Amino acid sequence: MTEQLFRDDAYLRECEATVIESADGAIELDRTVFYAMGGGQPGDTGTIDWDGGSVDVVDTRYGEGGAIRHLVAEGATLPAVGSTVTAKLDWDRRYRHMRMHTAMHLLGSILQYGVTGGNISATKSRLDFDMEDTVDKEQVNAALDALVAADHPVICRWITDEELDAQPELVRTMSVQPPRGVGKVRLLEIEGVDLQPCGGTHLNSTAEVGKVRVGKVEKKGRHNRRVNIVLDD
Ligand SMILES: [Zn+2]
């Protein structure tokens with residue numbers, strides 16, 4: 001199982017690591033700053049450098065048993081198993097994912113409907129809501145601006161199943177119910193705004209989201225509104 005450094009510090013841009021496996025267009029390391037695709041957030045890209053070589057990472061996915069696989073182009077030269085490498089993110093892209101991801105939590109707190117889907121990218125992101133009402137773009141934009149301006153701290157912490165069981169009121173306030181039976185769950189909290197289990201990479205404060213606004217709102221059936229958001233820089 002790869003140690004997931006991004007879980008405890010989403011701002012790490014690079015790390016040293018040891019190659020565990022290196023074959024079939026993928027590199028596995030003992031630890032990494034690369035987020036593997038999941039929860040609607042894309043896998044990270046960047047480079048893996050070693051003494052005398054370098055390779056571009058084009059995507060990051062989970063493999064078997066919790067391993068994280070750094071995918072490289074077919075035919076690329078791979079580092080030897082056991083060697084020391086530096087794994088370095090395409091930080092500009094990842095930081096936009098963090099801004100988008102945090103903005104999605106804000107959007108979900110403004111439109112309090114069931115969420116049926118979502119997707120994040122560096123340029124455009126969306127949430128699908130189980131709603132029949134019309135989305136008032138002006139109103140949602142104003143609410144987004146206010147949450148960004150309020151500079152709320154964004155906190156991630158782990159909580160055990162036992163701690164969850166002992167605090168039913170905490171579970172009741174969550175916008176999404178936590179999975180059980182995995183021993184512990186990672187919680188994302190924007191105090192007074194959102195609380196839910198989430199494994200993605202977030203900003204440390206809502207102010208860092210910056211210029212965000214609602215793009216297209218699409219009607220996908222009577223009970224589904226797809227709300228797109230874009231970053232304005
Ligand atoms: Zn999240």
Tell me, what is the per residue accessible area of the chain in Å², probe radius 1.4 Å?
49
Mind pulling the angle between the C-alpha long axis of helix 91-110 and the longest principal axis of the chain? Nearest 10 degrees, somewhere in 0 to 90.
30
Whenever you get a sec, line up ARG69, ARG13, ARG172 from highest to lowest accessible area (probe 1.4 Å, protein heavy atoms).
ARG172, ARG13, ARG69
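Based on alpha-carbon atoms only, what is the radius of gyration of the range 1-101 relative to the globular estimate 2.2 N^0.38 Å?
Details: Rg = 12.4 Å, N = 101, 2.2 N^0.38 = 12.7 Å.
Relative to the 2.2 N^0.38 Å estimate, the range 1-101 comes out at 0.97.
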Rounded to whole Hz, the Karplus (6.51, -1.76, 1.60) HN-Hα couplings of the range 181-190, x for glycine and proline
x, 9, x, 8, 10, 8, 9, 10, 10, 10
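Based on the Cα gyration tensor of the chain, what are the three equivalent ellipsoid semi-axes, each the root of five times an eigenvalue, rounded to whole Å and given largest first?
Over the Cα atoms of the chain, the semi-axes work out to 34, 21, 16 Å.
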Please compute the contact order of the range 1-78 in relative form: average sequence separation of alpha-carbon pairs under 8 Å and at least six residues apart, divided by the residue count, as a percent.
29
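When the gyration tensor of the range 85-202 is built from Cα positions, what are the square roots of 5 times its three eigenvalues, in whole Å, from largest to smallest? Present the calculation step by step, with values, prior to reporting the outcome.
Numbers: eigenvalues 115, 94, 38 Å².
Values for the range 85-202, descending: 24, 22, 14 Å.
The values are calculated or read from the model by the stated rules, or taken from the named source; none is laboratory data. Note that this is a predicted model, so its numbers are computed, not measured. Areas reflect the complete protein model, heavy atoms only, side chains present, ligands, DNA and RNA absent. Shrake-Rupley method; radii C 1.70, N 1.55, O 1.52, S 1.80 Å.
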